[in-house]
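The values are calculated or read from the model by the stated rules, or taken from the named source; none is laboratory data. All values reported here derive from a predicted model rather than from experimental measurement. Cβ: placed from backbone, ideal geometry, glycine included. Neighbour counts: every protein chain shown.
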Amino acid sequence: MEPEHTFLKDLRDFLQFLRSLWGVLAGISVLFPLSNAFLAVIPVDDGGRPFQDLPPAVVSAVTMLTCIFLTFATFSRRDRFTGPRYRGRYARSARICFAGALAALAGYVLAPSGLYRVLITESPDSAIGIALYDGLFAVLYVVTFALLTRAFLLLAMLEYFAEANTEPAAVTTASGVPAPTADDGQRQDAT
């Protein structure tokens, strides 16, 4: 197969995945860091906390790029999601990623006051303390969203790509008619 046909097929597969319900959920997790521009869901700019010298827009941009990279990197391994050997590993990895995201979020939300006092207020060399403080919270913010994106994406792909050598559960449209499936076991959206 020519490289252009492979690229077009891969692009078509990716766009078809994004149109599914699970693809939409994975897409939302990629775009969630932008929500702080509209709603202060997770504090990014709260009177100098958690960031002192690091602009929150930079942290949000790095977070988005990381999540987009994870999306493409995970989707590029989509052939592994049909193998029984990998499916259990990916399901376990999704749970671990979700728990890790919650732990990173807890650290991000609960630790600023104590670390601010230790690294900035009580530190004799405030510049190094500020750099450590900003770096730590930037990493916690990026890790939180990266792990959430990875968890949702793994669950999405496990659901979307059927296990090899098994018949996927019958999907029906709103009228009760069986929804068509693609040749490679992928579910197609019922329209």
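Quick one: is A73 within 28 Å of F7 (Cα to Cα), under 13 Å from the mean Cα position of the chain (by Cα), exposed (fewer than 13 other Cβ atoms within 10 Å of the Cβ) and at pLDDT 80 or above? Let's see the steps before the verdict.
On the way: within 28 Å of F7 (Cα to Cα): yes; under 13 Å from the mean Cα position of the chain (by Cα): yes; exposed (fewer than 13 other Cβ atoms within 10 Å of the Cβ): yes; at pLDDT 80 or above: yes.
Answer is yes for this residue.
Which residues, taken from segment 36-66, are in contact with a strand residue (DSSP E or B) (Cβ under 9 Å, 6 or more places away or on another chain) and either within 24 Å of T121 (Cα to Cα) or modelled with pLDDT of 75 or more (or both)? Full working, then the answer.
Of all residues in segment 36-66, those in contact with a strand residue (DSSP E or B) (Cβ under 9 Å, 6 or more places away or on another chain) come to 40, 43.
Correct list: P43 only.
Specify the residue that is modelled with the highest pLDDT; the eligible residues are those in segment 1-35 that are touching a helix residue (DSSP H, G or I) at 6+ places or on another chain (Cβ under 8 Å) and of a type in the set (S, T, Y).
S20
If we keep just the residues of segment 76-108 that are among the hydroxyl-bearing types (S, T, Y) and in a helix (DSSP H, G or I), which is surrounded by the most Cβ atoms within 10 Å (Cβ to Cβ)?
Just the residues of segment 76-108 that are among the hydroxyl-bearing types (S, T, Y), to begin with: 76, 82, 86, 90, 93, 108.
Keeping just the survivors that are in a helix (DSSP H, G or I) gives 82, 86, 90, 93, 108.
Numbers: T82: 19, Y86: 16, Y90: 18, S93: 14, Y108: 21.
So the residue we want is Y108.
Restricting to segment 120-141, and then to whatever is in contact with a helix residue (DSSP H, G or I) (Cβ under 9 Å, 6 or more places away or on another chain) and exposed (fewer than 13 other Cβ atoms within 10 Å of the Cβ), can you tell me which residue is modelled with the highest pLDDT?
Result: I128.
Output the residues belonging to segment 109-119 that are in a helix (DSSP H, G or I), in contact with a helix residue (DSSP H, G or I) (Cβ under 9 Å, 6 or more places away or on another chain) and either over 21 Å from V142 (Cβ atoms) or free of Cβ contacts under 8 Å to residues at least 40 places away in the same chain (or both).
Once the filter is applied, which keeps residues that are in a helix (DSSP H, G or I), in contact with a helix residue (DSSP H, G or I) (Cβ under 9 Å, 6 or more places away or on another chain) and either over 21 Å from V142 (Cβ atoms) or free of Cβ contacts under 8 Å to residues at least 40 places away in the same chain (or both), segment 109-119 yields L115, V118, L119.
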